[in-house]
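Where a number appears in this text, it was derived from the coordinates with a stated rule and is not lab data. Note that the coordinates shown come from a computational prediction; the quantities given were computed from them, not determined experimentally. In this analysis, Cβ positions are derived from the backbone assuming ideal geometry, glycine residues included, and neighbour counts consider all displayed protein chains.
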Amino acid sequence: MKRLEIGNKTRLSKKLLSALIVLFGICFLQPAKAQVTKLSQEERDSLAAIPYPYVLPIFGGKIRERGIDFPLPLGIMTNYIYQESKYDLENPVIGFGDSELVSIDFVDFKTVKNRTNIINFRADAWVFPFLNLYGIYARSQSRSNIRIGFPLNIEVEANPTGETWGFGGVVAYGLGNYFAVGNLNYSWTDISSLDDKVQGTVASLRFGRNFELGKPNRGIIPTVGIQFQKITQDSGGELPISTIFSKFDQDNLNDLKEQIADDAMNWYDELSLPQKLVVDRLVNALDNWLAGRDVGSTPLRYQFDKVPLGEWSFQVGFQYNHNKHWWYRLETGFGPGRFQVMTSINYRFGI
């Protein structure tokens, strides 16, 4: 009798587990970006009768048995992103060659505006009906205008390139044609002007609705949401003087020399000895460079903290699904010190 009870409990447990798996998959099915639509009972019965042909997502067959359709499991996406961000430079230090880095907190750095063009490639897979995992590779070209207000009113321009690798995941919940999508990814970027890789974390939450356009698997999907982006704040690198001070001219140098030579108490007199030595070496190097004399290969080394004006942005997007294979998206984001536009093409398939 006990064996019979144990056997019944085991079968009951298996049925309960199977039911929970199906329920969990249904509850967290990803209708965003996708083609999950309301089907008639006849369409659901027809769909349930077709065996699920792909390996992924896990439990995809059980979801199909419930008469529920969902996106093709694998995708390749290409994104173009234009991004503007503003940040302040804090705790700046510089040095020449192997010399000790010295604080230049007396220099007035204005807010920096950085413009970046990014080409991003992403491969993804729906591992479960509610969970998508992906990898990222990107190339970028940036332009930063660093404006100094004191002791000289000049602008330094930097045009670094970057190479990015990363990975992330998407968790989604859907109810009818409405959905919510949470995204989290981590990346590291090798920037040509910096010694260490820049690490970044992006988290976002979006809400949207799927509007059908009269044909199966064709629709437009508006979304709204918020995004948080966190990057490494401390940065350091080295560049030749000719690159850093490409817009520096003889008038700027003469002005700097006059300030240093002034007999009256001024900012130079209040510097520490290491700071004065750094300023003197810089003036000498700039004098030689502007006069056409060889300044050697000794670079100017620097470190500073990049403090963004804002890390949150409001996102508004539209996606057009042409069919089960081709999706197109346009999205913009804006917030304090941030602006972004993204376009993407996504091709989906199954194996």
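Overview of results
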| quantity | calculated |
| --- | --- |
| Links that overshoot a 23 Å alpha carbon limit, given the list Lys62/Lys215; Lys230/Lys324; Lys276/Lys306; Lys62/Lys324 | Lys62/Lys215; Lys230/Lys324; Lys276/Lys306 |
| Amide H contacts of Thr298 (H built 1.01 Å from N, under 5 Å, at least 5 apart or other chain) | none |
| Tyr328 paired with Gln250, simple spin-label distance in nm, labels 7 Å along Cα-to-beta-carbon | 5.7 |
| Cα centroid of region 219-287 to Cα centroid of region 87-107, whole Å | 8 |
| Rg/Rh for region 171-224, where both radii come from Cα atoms and Rh is the Kirkwood radius | 1.25 |
| Cα gyration tensor shape for region 226-351, rounded if a/c is under 1.5, else prolate or oblate | prolate |
| Where the Cα pairs of region 267-335 fall when distances are cut into 5 Å bins, in % | 3, 10, 11, 10, 9, 8, 6, 6, 8, 8, 7, 6, 5, 2, 0 |
| At R0 = 51 Å, FRET efficiency that the Cβ-Cβ distance of Val93 and Phe167 yields, to 0.05 | 0.95 |
| Alpha-carbon spread of region 241-296, three principal axes, descending order, Å | 32, 23, 17 |
| Estimated FRET transfer efficiency when R0 is 45 angstrom, pair Arg147-Ala123 (beta carbons, to 0.05) | 0.65 |
| Phe339 versus Ile226: modelled label distance in nm, points set 7 Å from Cα along the beta carbon direction | 2.3 |
| Whole-number D in µm²/s for region 122-234 (Stokes-Einstein; Kirkwood sum over Cα pairs; 25 °C, 0.890 mPa s) | 142 |
